[in-house]
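Asker: Okay, handing you the structure first.
The values are calculated or read from the model by the stated rules, or taken from the named source; none is laboratory data. Note that the structure is a prediction, hence the values are computed from the model and not measured. Using ideal geometry, Cβ is built from the backbone for each residue, glycine included, and neighbour counts are taken over all protein chains shown.
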Amino acid sequence: MPSLSIDFTAEIDGAGYDLRIADLPIGSRRPTGSKKTLAIVGRGGPTRMLRPAEFHPHLYKQFAGLAGDNESFRDFVSKFGAVTSNGHFQPVADIAATWLRLRTLISDWESGALGQSLNHLVANIVASIKPAGDGHGFKFVLAPLTLADAMFLQFGRAVCDGSALRSCEQCGNWFEIGAGGKRVTARFCSDNCRTIFHNARKYNPVAKAAPANRRKRS
């Protein structure tokens with residue numbers, strides 16, 4: 001398989017972000033006709049640059065595993081940058097829609113029902129061929145315009161690599177099995193989760209369910 005690289009640089013407000021009702025950009029309007037929306041807005045600090053798709057190859061799973069509340073979206077943007085835009089203004093509704101779509105795709109993949117739901121996965125992308133970093137050969141570079149597109153590309157690459165997804169029996173988080181992931185018989189996402197799971201049953205033999213802090217999935 002040819003070398004594939006996802007090239008995306010996020011701009012992050014170094015002073016952090018706030019959740020607040022804000023005016024929509026000129027020309028934007030919600031279906032309700034409102035010109036205001038709940039948004040994650042940068043505080044106007046110095047901009048720092050980050051390449052989240054490069055240094056976090058499974059970021060799509062981390063995003064899909066968020067609790068889905070406004071605060072979890074704000075914390076994600078504060079760490080990795082805006083999801084569906086390239087500025088310091090991000091409507092929460094847009095993030096929520098992306099989160100729900102990615103969770104649905106992952107659930108379909110996990111259950112083997114992915115089908116045709118990968119049509120039109122990424123809306124905007126620039127493709128190019130560049131010399132490989134080691135000076136030998138070339139690599140195929142995909143440059144998405146938003147972090148959302150970068151995460152959908154990560155998901156698509158995982159699917160095409162022949163991996164599969166499974167839910168950790170301890171924490172409920174998704175992890176990859178098969179090619180490029182854990183062995184196909186793996187039941188836990190990490191050694192820590194495996195240890196917690198077995199210790200709980202060692203000291204409480206009647207325990208049948210995962211602890212209460214297991215992530216609830218919709």
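Asker: Which numbered condition in (1) part of a loop (DSSP other than H, G, I, E, B); (2) at pLDDT 85 or above; (3) within 30 Å of residue 177 (Cβ to Cβ) is the only one that residue 108 fails?
Answerer: (1)
Asker: From the list 68, 115, which residue is within 17 Å of the chain's Cα centre (by Cα) and either surrounded by fewer than 17 Cβ atoms within 10 Å (Cβ to Cβ) or modelled with pLDDT of 80 or more (or both)? Outline the logic, then answer.
Answerer: Details: 115 fails: within 17 Å of the chain's Cα centre (by Cα).
Exactly one of 68, 115 is within 17 Å of the chain's Cα centre (by Cα) and either surrounded by fewer than 17 Cβ atoms within 10 Å (Cβ to Cβ) or modelled with pLDDT of 80 or more (or both), namely 68.
Asker: Does residue 21 satisfy the condition of being at pLDDT 85 or above and either under 30 Å from residue 139 (Cβ atoms) or touching a helix residue (DSSP H, G or I) at 6+ places or on another chain (Cβ under 7 Å) (or both)?
Answerer: Criteria not met by residue 21.
Asker: Answer with yes or no whether residue 158 is modelled with pLDDT under 85 and either surrounded by 15 or more Cβ atoms within 10 Å (Cβ to Cβ) or more than 23 Å from residue 68 (Cβ to Cβ) (or both). Give the steps one after another, and end with the answer.
Answerer: On the way: modelled with pLDDT under 85: yes; either surrounded by 15 or more Cβ atoms within 10 Å (Cβ to Cβ) or more than 23 Å from residue 68 (Cβ to Cβ) (or both): yes.
So residue 158 fits the description; yes.
Asker: So how many residues does segment 71-105 have that are closer than 18 Å to residue 22 by Cβ, crowded, with 18+ Cβ neighbours inside 10 Å and either without any contact (Cβ under 8 Å) to a residue 40 or more places away in the chain or in contact with a Cys (Cβ under 6 Å, 6 or more places away or on another chain) (or both)?
Answerer: Counting residues in segment 71-105 that are closer than 18 Å to residue 22 by Cβ, crowded, with 18+ Cβ neighbours inside 10 Å and either without any contact (Cβ under 8 Å) to a residue 40 or more places away in the chain or in contact with a Cys (Cβ under 6 Å, 6 or more places away or on another chain) (or both) gives 2.
Asker: Also: Taking the condition of being surrounded by fewer than 17 Cβ atoms within 10 Å (Cβ to Cβ) and at pLDDT 85 or above, how many residues in segment 132-155 meet it? Step through it out loud before you land on a result.
Answerer: First pass over segment 132-155, keeping only residues surrounded by fewer than 17 Cβ atoms within 10 Å (Cβ to Cβ): 132-141, 145.
Still in the list and also at pLDDT 85 or above: 141, 145.
Final tally of qualifying residues: 2.
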